[in-house]
Amino acid sequence: MIKVRDLRKSFDDLEVLKGVNTEFEKGKTNLIIGQSGSGKTVFLKCLLGLFIPDSGTIEYNEKVYQNFSKDEKRELSTQMGMVFQGGALFDSMTVEENVMFPLKMLTKMGRAEMKNRVEEVLDRVNLVNTNTKFPSEISGGMQKRVSIARAIVNKPRYLFCDEPNSGLDPRTAAVIDNLIQEITRENDITTVINTHDMNSVFEIGENIVYLENGVKAWQGSKDNIYKTDNKQVTDFVYASNLFQKVRIAQKEGL
Amino acid sequence: MISNYIKSIGQYFIMIYETFKRMTKSSELRRLILQEIDDLIISSLGIVVFISFFIGAVIAIQTALNFSNPFVPKSLIGFAARQSIILEFAPTFVSIIMAGKVGSYITSSIGTMRVSEQIDALEVMGINSLNYLVFPKIIAMCMFPFVIAISMFVGIIGAYFAGVYGGFLNADQFLAGLQEDFIPFQVFYAFLKSFIFAFILATVPSFHGYYMRGGSLEVGHAATTSFVWTSVIIIFMNYFITQLLLS
């Protein structure tokens, strides 16, 4: 579980996060949604330790991150997996080398053991016969799956995803969503996903945090989002005509 | 504006400090260093040899054409070529060329990694990205004085060919001039200079790539800025070291 208390972050005179309070639950897919510029990416980067918050606390497993020693921070980073928006795969490495990289850098596993683990995770994300290919030689959806494989290869306790569906067709996006949800449940990990995709919200949104202008404006599950009267949330979620029709149908019990 | 420069200078030295902290796993580091030696040193040898040969040749021709007085010994062509090549051309001119070739490669490769979030990916994994990316480049560039030695040798060969086969002097005169008033300290000075330039060549472009912000257009801009600043710093340091060691 991750608890965030009064998190604030500014860049020069621009206050991006203005006191965010929330919790992300273990074994669930936690979604952060919000308009562009609402502070989602900054929030995620604060959770990852890439940005140092100005004030407030982040608790990992009941322990405040800001009070961690350097060794504890390093230990925590080995328990984190991250799926970046663009994949962030290393161009000069093959798919196998990319997935093996965290094992090579952070563990004392032997080559054969690492290879077995890589095969296992590539199989889990349904990637076959791609081991020797370079990221530029595979499709966007496959790159995302390699990125997920790299993120979970070290059996993390926390999985973070920054817009994992961006640039993907709806079918591939649904495959990625389901894959992330299955991995979260199988491994009982805390998954935090930053997304704009309303399909993801309605498909896998077990705990949704809506950010607006750097503050949490609403929190609930995908079932609550149909019923909420919070205008900020409804204006954002039902901005598309399709989802407006879905909402009306839900309210009318169709 | 001045405060920005001061901030950048401070950031540069912090980067150097961070580069030597939290070392990457030695087996991976060894692989990275060998890779960088190949990318930065071995792949530069062709252009260095080509330029050195022809610049050496031009130095010999220019010197020969500017000595019209019959009382000036012909051997002076060999002497002037040696002095020009060892003292300035090989260490400084080749370093400026390398700022264009190696510097822009370093800035654009690290900058692209920044833009595509690969550096963030390293940091999230708990890896010191500066050590992983910059340290192997610094170690690889320690081989730079060998490139300079090759440049000196080839430059003098170029001068010999142009001088002797161009009919300006004979081989004995050239070799006599080459050995005239030779001061070994000047070779030490040249290698010391090239060693310092190597550090600048590895770190200044890395700084511009690592701290860049934006997209692919900014990567190109950072590579150009990096070349300008690396050249400026090399030229300034050249003056400083020369003043310190030779005057």
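Would you kindly give the portion of the calculated P(r) for chain A that falls above 21 Å, as a percent of all Cα pairs?
On the way: 19184 of 32131 pairs.
The answer is 60 percent, as a whole percent.
Between the stretch B:201-242 and the stretch A:169-206, what's the alpha-carbon centroid distance in Å? The stretch B:201-242 and the stretch A:169-206 have Cα centres separated by 42 Å. Think of it as helices only: each DSSP H run of n ≥ 4 in chain A is worth -39500 (n - 2.57), and spread over all residues that comes to -12500 deg cm²/dmol at 222 nm.
The angle separating the long axis of helix A:140-152 from the principal Cα axis of greatest extent in chain A is about 80 degrees. Please list the non-local residues whose amide H lies under 5 Å from the amide H of A:ILE208, H modeled 1.01 Å from N, same-chain partners needing a gap of 5 or more. The list, which skips near neighbours in sequence, is A:LEU31, A:GLY220, A:SER221. Using C-alpha pairs below 8 Å separated by at least 6 residues, the relative contact order for chain A is 28 percent.
Taking each residue of A:69-81 in turn, how many C-beta atoms of other protein chains fall within 10 Å of its C-beta, and what is the average?
On the way: counts 0, 1, 0, 0, 1, 4, 1, 1, 5, 2, 1, 3, 2.
The per-residue average across the peptide is 2.
Cross-link pairs exceeding 22 Å between alpha carbons, from the set A:LYS63/B:LYS25; A:LYS45/A:LYS231; A:LYS40/B:LYS7; A:LYS28/A:LYS144: A:LYS63/B:LYS25; A:LYS45/A:LYS231; A:LYS40/B:LYS7.
Indicate the helices, whole DSSP H runs only, in chain B that combine a mean Kyte-Doolittle hydropathy of 1.0 or more with a Cα extent along their long axis of 24 angstrom or more. Answer set is B:45-66, B:144-165, B:184-210, B:216-245. Residues of the stretch A:39-69 falling in the label zone of A:ARG8, defined by backbone nitrogen less than 14 Å from a point 7 Å along Cα to beta-carbon, are A:53-57. Could you compute the net charge surrounding B:GLY46? Neighbours are other residues with a C-beta less than 14 Å from the C-beta of B:GLY46; K and R count +1, D and E count -1. Taking every other residue near B:GLY46 into account, the sum is -1.
Across the stretch B:116-128, rounded Karplus estimates of 3J(HN,Hα) from the backbone phi angles (6.51 cos²θ - 1.76 cosθ + 1.60, θ = phi - 60°) give 8, 6, 5, 5, 4, 4, 5, 4, 4, 6, x, 9, 6 Hz, Gly and Pro being marked x. Note on A:101-111: average number of Cβ atoms from other chains within 10 Å of each residue's Cβ is 3.
Rounded to the nearest 100 Å², what's the accessible area chains A and B bury against each other, both chains counted, probe 1.4 Å?
Numbers: alone 12580 and 12690 Å², together 23550 Å².
In total, this chain pair buries about 1700 Å².
Taking amide hydrogens as placed 1.01 Å from N in the peptide plane, the amide H of A:THR191 sits under 5 Å from those of A:GLY27, A:LYS28, A:ASN30, A:LEU159, each at least 5 positions away in sequence or on another chain. Protection proxy ranking for B:74-81, A:73-80, using the average of other Cβ atoms within 10 Å per residue and placing the highest first: B:74-81, A:73-80. Taking a ≥ b ≥ c as the square roots of the eigenvalues of the Cα gyration tensor, the protein assembly as shown is prolate, since a/c reaches 1.5 or more and a/b is larger than b/c. Per residue, the accessible area of the protein assembly as shown comes to 47 Å², computed with a 1.4 Å probe over protein heavy atoms only. Modelled spin-label separation between A:GLU186 and B:ASP38, with each label point placed 7 Å from Cα along the Cα-to-Cβ direction: 3.5 nm. Spatially, the stretch A:55-127 and the stretch B:51-69 are offset by 59 Å when compared through their Cα centroids.
Counting only other residues whose beta carbon sits under 14 Å from that of B:PHE135, what net charge do I get with K and R as +1, D and E as -1? Working shown, then result.
Numbers: positive: B:LYS21, B:ARG22, B:LYS25, B:ARG30, B:ARG31, B:LYS137; negative: B:GLU18, B:GLU28, B:GLU36.
That works out to +3.
Computed extension gain for A:MET1 through A:GLU203, at 0.36 nm per residue and net of the alpha carbon distance, reaches 70.6 nm. Annotation for B:PHE161 and B:GLN186: the two label points, set 7 Å from Cα along the Cα-Cβ direction, are 2.4 nm apart. Annotation: aspartates and glutamates with alpha-carbon distance below 14 angstrom to A:LYS70 (same-chain offsets under eight excluded): B:GLU123. Carbon-plus-sulfur accessible fraction, the protein assembly as shown (probe radius 1.4 Å, protein heavy atoms only): 59%. Per residue, the average separation of C-alpha pairs within less than 8 Å and at least 6 apart gives the stretch B:107-247 a relative contact order of 42 percent.
Counting partner chain Cβ atoms within 10 Å of every residue's Cβ in B:111-123, what's the average? Walk me through the numbers before you get to the answer.
Numbers: counts 0, 1, 4, 0, 1, 9, 9, 8, 2, 7, 13, 4, 6.
Shielding by partners across B:111-123 averages 5.
Stretching the chain fully between B:GLU18 and B:ALA171 yields a gain of 49.8 nm (0.36 nm per residue, less the alpha carbon separation). Placing dummy labels 7 Å off each Cα toward the beta-carbon, the span from B:GLN243 to A:LYS63 is 5.4 nm. Calculate the FRET efficiency for A:ASN213 and A:LYS245 from the Cβ-Cβ distance with a Förster distance of 25 Å, rounded to the nearest 0.05. Given R0 = 25 Å and the Cβ-Cβ separation, E is 0.30. Remark: the stretch A:158-169, residue by residue, has Karplus-estimated 3J(HN,Hα) of 10, 10, 10, 10, 9, 6, x, 9, 5, x, 10, 6 Hz, where x stands for each Gly or Pro and the curve is 6.51 cos²θ - 1.76 cosθ + 1.60 at θ = phi - 60°. Mind giving me the FRET efficiency for A:GLU137 and A:ARG171? R0 is 30 Å, r the Cβ-Cβ distance, nearest 0.05 is fine. That pair, A:GLU137 with A:ARG171, gives E of 0.90.
Highest mean first, how do B:96-107, B:5-16 rank when packing is the count of other Cβ atoms within 10 Å averaged over residues? Don't jump to the answer; show the numbers that get you there.
Values: B:96-107: 22.9, B:5-16: 12.0.
Top to bottom by mean Cβ count within 10 Å: B:96-107, B:5-16.
Near A:VAL16, the amide H atoms lying under 5 Å from its own belong to A:LYS9, A:SER10, A:PHE11; only residues 5 or more places off or on other chains count, and H is placed 1.01 Å from N.
Once the Cβ-Cβ distance of A:GLU15 and B:GLN179 is raised to the sixth power relative to R0 = 56 Å, the FRET efficiency obtained is 0.20.
Nearest 500 deg cm²/dmol is fine: what mean residue ellipticity at 222 nm does chain B get from its DSSP H runs of n ≥ 4 alone, each adding -39,500 (n - 2.57), divided by its residue count? Could you put the intermediate results ahead of the total?
Details: 13 runs with 183 residues, N = 247.
Counting only the DSSP helices, I get -24000 deg cm²/dmol.
Residue-wise HN-Hα couplings along the stretch A:118-133, as the Karplus relation 6.51 cos²θ - 1.76 cosθ + 1.60 with θ = phi - 60° gives them from phi, are 5, 4, 4, 6, 5, 5, 5, 8, 6, 10, 10, 6, 10, 3, 8, 7 Hz; Gly and Pro carry x.
The values are calculated or read from the model by the stated rules, or taken from the named source; none is laboratory data. Computed from a predicted model, the values in this text were never measured in an experiment. With ideal geometry, Cβ positions are generated from the backbone for all residues, glycine too; neighbour counts draw on all protein chains shown. The area values use the complete protein model at the heavy-atom level, side chains included, leaving out ligands, DNA and RNA. Shrake-Rupley method; radii C 1.70, N 1.55, O 1.52, S 1.80 Å.
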